[in-house]
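Values in this text are rule-based calculations from the coordinates and carry no lab data. Bear in mind that the values here come from a model prediction, so they are computed numbers and not experimental data. Cβ atoms come from the backbone with ideal geometry, glycine included; neighbour counts cover every protein chain shown.
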Amino acid sequence: MVSVYNLDLFVKEKQNIKVNKYNIQRISYEETKPFILNIHYAKRMPSISYAYGLFESNNLIGIVSYGSPVSPSLCKGVAGEENKKIVIELNRLVLKENKKNQASILIGASLKLLPKPKIIVSYADTKQNHLGIVYQATNFMFTGTSKPRTDIASKDGKHSRHHLGDKTKRVFRSPKHRYIYIIGDKRQKKKLLNNLKYKIKNYPKQHGEVNDG
């Protein structure tokens, strides 16, 4: 059966990139589960359209996944109505040991393997003390920090879009640093950059202190 998360259980194309002692290639939805459910702090499977694994000596030691953003308005808000279908979110990055350069190698290679053109959005959660250093290291553009807010609480730790309609029960959503990366040929990247609705800002250097320069 095909996964409801739009990623085939069996990957047909085994494109790969080799960086130093690591091999990066596309993996299946099922292969991401142990990392996302057992290691990632959210303990929840997101929407996944593309997933890539970091291999060392044929052992899967890390994964990165991309999927449809939770908010449809975000897809239009990034670069307009005409580009909403190519907006995807880097929604999980999980490494078993997170050794030096592993995260940036995995993200950098996966960006080369993704189909083009694409606008990739990703967030660094301030609640987890994440600043987004790996996105800075891989040349993502920083476009600001979301405001803290509350959402209607959901059952069993699922995302708020699965809420049961009880508006009296709410959960706090921490501020998140928003990063964007554009892939495509030279013409496509120039056009999409011109259509970008967010102002590109200087990278944040520490939590709660952002230089908008």
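General remarks:
- Cross-link table 127/191; 18/190; 21/116, entries beyond 32 Å C-alpha to C-alpha: 127/191
- For segment 121-126, the Karplus equation 6.51 cos²θ - 1.76 cosθ + 1.60, evaluated at θ = phi - 60°, returns couplings of 10, 8, 10, 10, 7, 5 Hz by residue, with Gly and Pro reported as x.
- Inter-label distance, residue 16 to residue 76: 4.3 nm, where each label sits 7 Å from its Cα along the C-beta direction.
- If the convex hull is drawn through the Cα atoms of segment 13-108, its volume per residue in Å³: 113
- Over 21 Å (Cα to Cα) - which of 76/197; 176/199; 33/118 fall in this group: 33/118
- Exposure proxy ranking, count of Cβ atoms within 10 Å, fewest first, for 110, 73, 68: 73, 68, 110
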